[in-house]
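This report refers to the structure that appears directly beneath it.
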Amino acid sequence: YHLARADRSVLVLEQFNLGHTRGSSHGESRIIRPSYDHPAYVQLAQAAYGLWAELELDAGEVLLQRTGGLDLSLPFNPVFEACIASLSALRIRREILTADEVQRRFPVLRVADGTIGLYQADAGVLPASRCVRVMIDRAIQYGAAVIEQTPVRSIRLDDDGAEVRTDQ
């Protein structure tokens, strides 16, 4: 989508049908959140939010549903603490909740004493299958060629570009 939008020559080869269920980019939802245990991943997530907003504007369609997100952990979990530190270092909006606060705000949950909650208001979900379809449709709109049921057999790179071999 981005390459086609930038007026580059784009060929998409899909070994199955578009929208197949053999990979991880299908289904009703995928989570999006800024909570990661390394600042570089937090920065990538921040950039992703902007790119989703750009695609939504381009397609005239809302994709990202902000639901808020809650991560839970027992104290002294190094990965959980790294997530909090990464968000803090980048001044990302978040709330640290005690077990009592988690119970009060999310009464459907039952958490162990001492549990810590990390709430991020910007977390949400994306409809994975619809997102892929929107990106493909927009890429085609910008001139990308899309060929389904065409497995790639080999790729050879050289100074002039790439040679991609299929059964055709």
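What to note about this one:
- Across region 115-144, the qualifying residues are those that are open to solvent by 40 Å² or more (accessible area, probe 1.4 Å) and more than 24 Å from the chain's Cα centre (by Cα), and the one among them that is nearest to ALA82 (Cα to Cα) is ILE116.
- Index of the failed condition, PHE106 passing every other in (1) open to solvent by 50 Å² or more (accessible area, probe 1.4 Å); (2) at pLDDT 95 or above; (3) closer than 30 Å to VAL164 by Cα: (3)
- Restricting region 145-168 to residues that are closer than 30 Å to GLU54 by Cβ, in a strand (DSSP E or B) and not small (Gly, Ala, Ser), the residue that is least open to solvent (accessible area, probe 1.4 Å): VAL146
- So VAL42, is it surrounded by 13 or more Cβ atoms within 10 Å (Cβ to Cβ), assigned to a helix (DSSP H, G or I) and among the aliphatic types (A, V, I, L, M): yes
- The set of residues in region 45-71 that are in contact (Cβ under 8 Å) with a residue 60 or more places away in the chain and either surrounded by fewer than 13 Cβ atoms within 10 Å (Cβ to Cβ) or among the hydrophobic types (A, V, I, L, M, F, W, C) (or both) comprises TRP52, LEU55, ALA59, LEU63, LEU64, GLN65.
The values are calculated or read from the model by the stated rules, or taken from the named source; none is laboratory data. This is a predicted model, so every value here is computed, not measured. Neighbour counts are summed over all protein chains in view; Cβ atoms, including those assigned to glycine, are modelled from backbone coordinates with ideal geometry. When the accessible area is computed, the model is the full protein with side chains, heavy atoms only, and any ligands, DNA or RNA have been set aside. Shrake-Rupley method; radii C 1.70, N 1.55, O 1.52, S 1.80 Å.
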